[in-house]
Amino acid sequence: MMSSVVVLDNGGGLCKAGFGGERDPAAVVPNCLGRSAASKKWLVADQLQAPDADVTSVSVRRPLDRGYLVNPDLQREVWDRVLRSLLRADPAHSSLLLVEPLFNPPSIQRTTDELIFEDFGFRSLLVVDCGFSFTHAAPVLQNFTLNYGVRRLDLGGKALTNYLKELVSYRSVNVMDETLIVDHAKEQLCFVSLDVPRDLQLASTYLLLADSQLPISRMNQAGLAECIVRAVQSCHPHLRPLLFESIILTGGSTLFPQFRERLERELRPLVRDDYKLKITTQEDPILGVWRGGSLLASSPEFESMCVTKLELSTTANELIISAEGLNCILKSHEPIIEQTC
């Protein structure tokens, strides 16, 4: 029998951690280290949420950039705090279900494996897909992600916070060093506009500087609606109507008021008239991925899915080749779907 299973949704902004079978994670903490200008001590994860924590002009160091691990040493500090102090888990007698980004580069996967097996001593590993610092549109069929259909936008909650800092600093007070404060303001006050010209006109009556102009952020890539259409169009024609009527929103940025309504307005003209369009928001988009991992970790099949350190070191190349082959099989077998539908 397997011992306890630690479920870790390691997002670029928040780290959600707990035990398999539970509905909610035991810890939802910032995945970063922070230090105020008046202190020499770096605060780790939940220490930044303490009532007496000074978060003014705080310097933030994050282990992830654009969703990918770039600083293993910082990640080690955060995980050590979460696993040993908050969860009080014993990695040597636990298994780990780790959520990581889609298409995680092999070099980053190896670094993550070293952290899990060498530094923390976990004896098994299961890797699933997630994104934070960017946005994915990922078609799923019978609980399997169709990797060839996944599309990505290089935009997430972190980019929105940085842009808001630029807007406020441009128009009023310099808040470029107030990342946590601006992030909190974004979550509490921002919304998705359903009528941009009207809302800009309304906002102009409250400008602190009479003749200032509002900078507009423009990115040289498709919007979310176009991203979803491209993901669906890459799949078999018989799957497309099913995907359009089963769009599920997850992730913290979908919590902005009117997010779903704006997406539906922009997506409807891009979808065939005879296709039904249905967009559903999860009960708690921030915890949705973690809850899915918790259910999987508590299932009878989980133990057979795990990869031990020995298996990883001896069959890594075979596993990679098998995964690539599976994608080829899914592509080449598209006509089979047509015959059976």
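The values are calculated or read from the model by the stated rules, or taken from the named source; none is laboratory data. Since the model is a prediction, treat every value here as computed from it, not as a measurement. Because the Cβ atoms are built from the backbone with ideal geometry, glycine has one as well, and the counts that use them run over all protein chains shown.
When you go through D211, D177 one by one, which is the residue that is more than 30 Å from Q233 (Cα to Cα), modelled with pLDDT of 70 or more, of a type in the set (D, E) and outside any helix (DSSP H, G or I)?
On the way: D211 fails: modelled with pLDDT of 70 or more.
Every option except D177 fails the conditions.
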Here is a list of conditions, (1) assigned to a helix (DSSP H, G or I); (2) modelled with pLDDT of 90 or more; (3) farther than 22 Å from G11 by Cβ, and L202 meets all of them except one; can you say which number that is? (2)
Suppose we filter region 183-198 for residues that are surrounded by 11 or more Cβ atoms within 10 Å (Cβ to Cβ), part of a helix (DSSP H, G or I) and under 21 Å from the mean Cα position of the chain (by Cα); how many remain? 5
Of the residues R61, R23, only one is under 26 Å from K186 (Cα atoms), surrounded by fewer than 16 Cβ atoms within 10 Å (Cβ to Cβ) and either at pLDDT 95 or above or touching a helix residue (DSSP H, G or I) at 6+ places or on another chain (Cβ under 7 Å) (or both); which? R61
Does any residue of region 12-33 turn out to be part of a helix (DSSP H, G or I), of a type in the set (F, W, Y) and closer than 24 Å to C306 by Cα? no
Subset tally (residues that are surrounded by 13 or more Cβ atoms within 10 Å (Cβ to Cβ) and either of a type in the set (S, T, Y) or touching a His at 6+ places or on another chain (Cβ under 6 Å) (or both)) for region 271-298: 4
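For the structure I just gave you, tell me whether V55 is in the same structural domain as L296 (by TED's automatic domain parsing), modelled with pLDDT of 90 or more and among the β-branched types (V, I, T). It would help to see each step written out before you state the result.
On the way: in the same structural domain as L296 (by TED's automatic domain parsing): yes; modelled with pLDDT of 90 or more: no; among the β-branched types (V, I, T): yes.
So V55 does not fit the description; no.
How about region 91-113: which of its residues are loosely packed, with under 14 Cβ neighbours inside 10 Å and free of Cβ contacts under 8 Å to residues at least 60 places away in the same chain?
Here is the first cut: in region 91-113, the residues loosely packed, with under 14 Cβ neighbours inside 10 Å are 92-93, 103, 105-107, 110.
Hits for region 91-113 are A92, F103, P105, S107, R110.
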Number of the condition not met by S36 [criteria: (1) surrounded by 16 or more Cβ atoms within 10 Å (Cβ to Cβ); (2) without any contact (Cβ under 8 Å) to a residue 40 or more places away in the chain; (3) within 22 Å of A297 (Cα to Cα)]: (3)
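Being under 23 Å from K165 (Cα atoms), small (G, A, S) and assigned by TED's automatic domain parsing to the domain that holds S298 narrows it down to one residue among A38, A89; which is it?
Numbers: A89 fails: under 23 Å from K165 (Cα atoms).
Going through A38, A89 in turn, the sole match is A38.
Going residue by residue through region 50-66, is there one that turns out to be among the aliphatic types (A, V, I, L, M), touching a Pro at 6+ places or on another chain (Cβ under 7 Å) and under 17 Å from D183 (Cβ atoms)?
Of all residues in region 50-66, those among the aliphatic types (A, V, I, L, M) come to 50, 53, 55, 58, 60, 64.
Those left that are additionally touching a Pro at 6+ places or on another chain (Cβ under 7 Å): none.
Checking region 50-66: not a single residue is among the aliphatic types (A, V, I, L, M), touching a Pro at 6+ places or on another chain (Cβ under 7 Å) and under 17 Å from D183 (Cβ atoms).
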First in region 127-140 and over 18 Å from V232 (Cα atoms) and among the charged types (D, E, K, R), second anywhere and modelled with pLDDT of 80 or more and crowded, with 17+ Cβ neighbours inside 10 Å, Cβ under 6 Å, 6 or more apart: none
How about region 217-299: which helices (runs of 4 or more DSSP H) wholly inside it have at least 1 residues that are within 21 Å of V99 (Cβ to Cβ) and in the same structural domain as G13 (by TED's automatic domain parsing)? 288-297
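Grab the strands (runs of 3 or more DSSP E) fully contained in region 80-162, keeping just those with 3 or more residues being modelled with pLDDT of 75 or more.
Details: elements: 95-101, 125-130, 135-137, 151-153.
In region 80-162, the matching strands (runs of 3 or more DSSP E) lie at 95-101, 135-137, 151-153.
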